[in-house]
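Notes for the one structure printed next.
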Amino acid sequence: KCLGPNFAESCWLPVAQGCDILSISYQGNDPSLYVLPVLTFLQSGSCYKALPNKNGPLALILCPGWKKAQLVFEVLQTYRKYSRPLHPMLIILGQKKEEARSVKIQGCEVIVTTPYSLLRLFEHNSLLFHRLCHLVLDEIEVLFSDAAEQVFTILDCYKKAIIPEKLECSPHQIIAVGTRWNKHIAQLIKEFMKDPYVVITAMEEASIYGNVQQIVQPCTNSERTAVLLKILDFTHNNLQKVLVFTNSENETEMVHKALKSKSIFCLKIHRESDFKYILEQWTRKYSWSTPVVLVLTDDCMQSLGITDATCVVHFSFPSPRIFGQRLHSMSDNFCNLIKNSSVGQDYTKARSVILLTETSACHALEILRYLQHTEAEIPPELHDLTAKVLEAEEDRKFSRPLCACLKTFGFCKNRAVCPDRHQINLQMDVPQNTPDKIIQTPGFVTILPLHVVNATNYFGRIVDKPKDEYTTLAEEVNEYFKKPSNRIFVKKVEKLAFYGLCEKTLFHRIQVVEISPEVEENGFFNVEVKYIDEGRTSQVQNYQLLHLPAKFQRLPPQAVEFVVCRVKPIDNEVEWNPKVTDYINYKIRGKTHEAKIVHTLGNTAWVDPMVGIELISELKVSVNEYNVRSEILSTGLGTDNPEHITQLEKL
């Protein structure tokens, strides 16, 4: 089903030839960049005959988290039937040492794992790197930002395991793919790669590799021309070829006229200009004392095809994609880390100057993130401008749900790109139909988890003692619907309305969340519903909904969201491993627990602790059977999160 390599997949050939390679592209998180060519290489068993005759993988794929590792493993499984038997293994290990000891890798030629899991395995399997030929670093920028120390430890182990006399007889290859440059990549190339191919199709990232100097020049909109003239006050030692980018033909004319008035040799171009003449002027050999300035609009870039500029001035503030295209016009002057490994980090042949004005807010946030990523010097004016943009962005998210990560762990790791809200909106977070019990019963309560979202987030009910209102209501609802004459099917379904629904032998109160616009030939259509007393959702068809009498709607929805505090996933993960979620689901669902509510917000209650209770009927006493937080920690897949409650209080 492969249509052939796309532009970013032009790295297939050097990968399949066994060369070291770094590939950075907008598609850099796609496993197809390396899976097929690595599998192709692995088909040739004769390449590996010189390796020690021991157990150990030929290929190791390091992923930034368990979820990505699972995806890569599934991709490998897709091509399994077309390949010789490689016996790939997905290895995700927690902190329990006995789990690492029990892993057997006999016959396995491809391992997919994470840096933390691999090092836990390596503690108990010192021969892990002895046969290793292909080391793949998937999403290299995430690996280095989240686990740089662990990745460099693995690279050192790989380097030490290479036997010099076997080097000529067997392949040894490092493949690093990603979407963005990271400062540690330079060290990877210089210390661990041998004559690598560097394929960077994202130009703004290529400019970081090329050591382009980024300068931000704050000024008012009316001062731009004067500031530009100062920037063009050249030293005459080097020939300067400068592009000044504007956002309109009028602006081009204005800038050109201003530069001409100061006797600067200046060209201008827009859509109606003579491109051939301008190019001839640009490429002419000038004396070393003659700088050349070309003022142009972005739509002329591709037609001109200029790549030898030494300086780009962003007279108009760029969008991120346009920014990369502008920088491409200096690509001949990008430094090359491979050829110039002795050149210092401060050396640069190309520079980019951004004029920052009061009207630059539109793309300021993206440009700030990029500049932080380049480790450029950032003026306080840009921080001030983006602070206002961030505030406005959060205001625009005011109708979005409160960030689930923030609720669950007290922080949001990807706040810059998270679509959800990170501040309280009382209208949304404290809805009118909140169960009275969540407000009236602070301190210890009895809770019944009915729907487990993940290891620390559940929906369920607060159970009243000795007589539970909901239990009485549920009995009445089921008694009512047992009579066929009471089952009145709904003719017109309305969004957010309450209805009855039969599931197996039980009847539930539900609310319509979404109605599908697609109607089948028989008039049926899908409806997304929420079980208002349990918290789960599901898809049903419209003909299944029953009229719910008003007397059964008086009791507010009983489902409450419970969050267990002070525990988070290991290894800088932000999603719980399904192993621990499945274990907790098995342990707690449908069983009563005692919990102390430490915070509430609308329909959400944070609990610490939450304890499973066992009733000993003979003695008429109940005992604490387990603490849910301790159970999560005991799996080895969770770790302490001491700041959780403090961060919630700040929120």
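The values are calculated or read from the model by the stated rules, or taken from the named source; none is laboratory data. Quantities reported herein were computed from a predicted structural model and do not represent experimental measurements. In this analysis, Cβ positions are derived from the backbone assuming ideal geometry, glycine residues included, and neighbour counts consider all displayed protein chains. Protein only, heavy atoms only, side chains kept; ligands, DNA and RNA dropped before computing areas. Shrake-Rupley method; radii C 1.70, N 1.55, O 1.52, S 1.80 Å.
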Among 392, 365, 336 - extreme Cα towards positive end, dipole of the range 322-403, charges at beta-carbon: 336
Solvent-accessible surface (1.4 angstrom probe) belonging to residue 428, in square angstrom, nearest 10: 80 Å²
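In square nanometres, what is one fourth of the surface area of the convex hull spanned by the alpha carbons of the range 18-65? The partial results should precede the final answer.
On the way: hull surface 18.3 nm².
Averaged projected area of the range 18-65's Cα convex hull equals 4.6 nm².
By per-residue mean of other Cβ atoms within 10 Å, what is the highest-first order of 391-400, 545-554? Walk me through the numbers on the way to the answer.
Details: 391-400: 12.0, 545-554: 14.7.
Top to bottom by mean Cβ count within 10 Å: 545-554, 391-400.
Order these peptides, 211-219, 611-619, by their mean beta-carbon neighbour count within 10 angstrom, highest first. Each step should come with its number before you reach the end.
Numbers: 211-219: 19.2, 611-619: 11.1.
With the highest mean Cβ count within 10 Å placed first, the list reads 211-219, 611-619.
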Point-to-point label distance, residue 145-residue 550, nm (Cα→Cβ direction, 7 Å offset): 5.5 nm
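Given a Förster distance of 60 Å, report the FRET efficiency between residue 7 and residue 618 from their Cβ-Cβ distance, rounded to the nearest 0.05.
Values: r = 73 Å, r/R0 = 1.22.
With R0 = 60 Å, the Cβ-Cβ based efficiency is 0.25.
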Pairs of alpha carbons in the range 7-201 whose separation is greater than 22 Å (percent): 42 percent
The chain, relative contact order in percent, only Cα pairs under 8 angstrom and at least six apart counted: 11 percent
Relative contact order, percent, the range 470-552 [alpha-carbon distance under 8 Å, six or more residues apart]: 29 percent
Principal axis dimensions, the range 560-651 - Cα atoms, whole angstrom, descending: 46, 30, 20
Linear extension gain, residue 504 paired with residue 384, 0.36 nm per residue minus alpha-carbon span: 37.3 nm
Label-reachable residues, the range 294-313, where backbone N falls under 18 Å from a point 7 Å from residue 319's Cα toward its Cβ: 297-303
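So what's the range 453-595 giving for Cα Rg divided by 2.2 N^0.38 Å, two decimals? Working shown, then result.
Working: Rg = 17.8 Å, N = 143, 2.2 N^0.38 = 14.5 Å.
Cα Rg divided by the expected 2.2 N^0.38 Å: 1.23.
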At 0.692 mPa s and 37 °C, Stokes diffusion of the range 470-552 via Kirkwood alpha-carbon radius, µm² per second: 250 µm²/s
Check: the range 208-392 dipole with +1 on Lys, Arg Cβ and -1 on Asp, Glu Cβ, in debye: 620 debye
Distance between modelled label sites at residue 195 and residue 127, nm, 7 Å Cα→Cβ extension: 3.3 nm
For the range 181-220 and the range 353-387, distance of Cα centres in Å: 19 Å
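Considering only DSSP beta bridges where both residues belong to the chain, give the percentage that are antiparallel (nearest 5). Could the numbers behind the result be given before it?
On the way: 51 of 103 bridges.
Antiparallel bridges make up about 50 percent of those DSSP assigns within the chain.
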Debye, to nearest 20: dipole size of the range 369-436, +1 on Lys, Arg Cβ, -1 on Asp, Glu Cβ: 300 debye
Estimated distance in nm for a label pair at residue 271 and residue 591, the labels positioned 7 Å out from Cα along Cα-to-Cβ: 7.0 nm
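Relative to the compact-globule scaling 2.2 N^0.38 Å, provide the ratio for the alpha-carbon radius of gyration of the chain. Before the final figure, lay out each step's value.
Numbers: Rg = 31.3 Å, N = 651, 2.2 N^0.38 = 25.8 Å.
Relative to the rule-of-thumb radius for its length, the chain sits at 1.21.
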Mean residue ellipticity (222 nm) of the chain, computed from DSSP H runs ≥ 4 via -39,500 (n - 2.57), nearest 500: -9000 deg cm²/dmol
In order through the range 566-571: 3J(HN,Hα) via Karplus (6.51 cos²θ - 1.76 cosθ + 1.60), integer Hz, x for Gly, Pro: 6, 8, 8, x, 6, 6
Point-charge dipole on Cβ atoms (K/R +1, D/E -1) for the chain, about Cα centre, debye to 20: 940 debye
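Just list whichever of 68/504; 262/349; 495/579; 104/407; 68/339 have alpha carbons separated by over 32 Å in the model shown. Each step should come with its number before you reach the end.
Working: 68/504 37 Å; 262/349 26 Å; 495/579 36 Å; 104/407 39 Å; 68/339 34 Å.
In this structure, 68/504; 495/579; 104/407; 68/339 exceed 32 Å between Cα atoms.
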Candidate lysines for bridging to residue 591, where Cα separation is under 16 Å - those fewer than 8 sequence places away on the same chain excluded: 465
Förster-model FRET efficiency, 56 Å R0, residue 335 and residue 485, C-beta, rounded to 0.05: 0.10
At R0 = 22 Å, FRET efficiency that the Cβ-Cβ distance of residue 519 and residue 478 yields, to 0.05: 0.10
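For the range 39-125, what's the relative contact order in percent, using C-alpha pairs closer than 8 Å and at least 6 residues apart? Don't skip to the end; give the middle numbers.
Numbers: 101 pairs, mean separation 34.3, N = 87.
Over the range 39-125, the number comes to 39 percent.
In Å², what does the accessible area per residue of the chain work out to with a 1.4 Å probe?
Values: 32520 Å² over 651 residues.
Ligands and nucleic acids excluded, the figure is 50 Å² per residue.
Peptides 623-629, 29-35: what's the order by average Cβ count within 10 Å, highest mean first?
Working: 623-629: 16.6, 29-35: 21.0.
Sorting 623-629, 29-35 by mean packing, highest first, produces 29-35, 623-629.
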Whole-number Å³ per residue for the convex hull built on Cα positions in the range 208-392: 127 Å³
